[in-house]
C-alpha cells in the first residue's frame, strides 16, 4: 500500500467537517434519496464515530507450536 504524502492527507482532512455534514444530510434525507445511499452514509458515519467492529478471530493451536509455547512458559517460571 502506498503511503499518502502528509500534505495531501492534511488537505483531505480540511474537508472532514463538511463531508461529515454531507453524510449526515444523506442519512437523514427524506424522500428522493435512495435507501441504499442512506444506509451507506449511516454506516460511514458510525464507522468514523465509533470505529469499525472487530472481526472475530479463531486460533487453533496444536502439535509442535503447542510444545514450543509450553517450553516458553516453563522457561519463564
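Values in this text are rule-based calculations from the coordinates and carry no lab data. As the structure is a computational prediction, the values presented were derived from the model and not from experiment.
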- Item | CD proxy at 222 nm, helix term only [per DSSP H run n ≥ 4: -39500 (n - 2.57); per residue of the chain; nearest 500] | -20500 deg cm²/dmol
- Once Rh is set to the Kirkwood radius over Cα pairs, what Stokes-Einstein translational diffusion coefficient, in µm²/s, holds for the range 6-76 at a temperature of 4 °C and a viscosity of 1.567 mPa s? 79
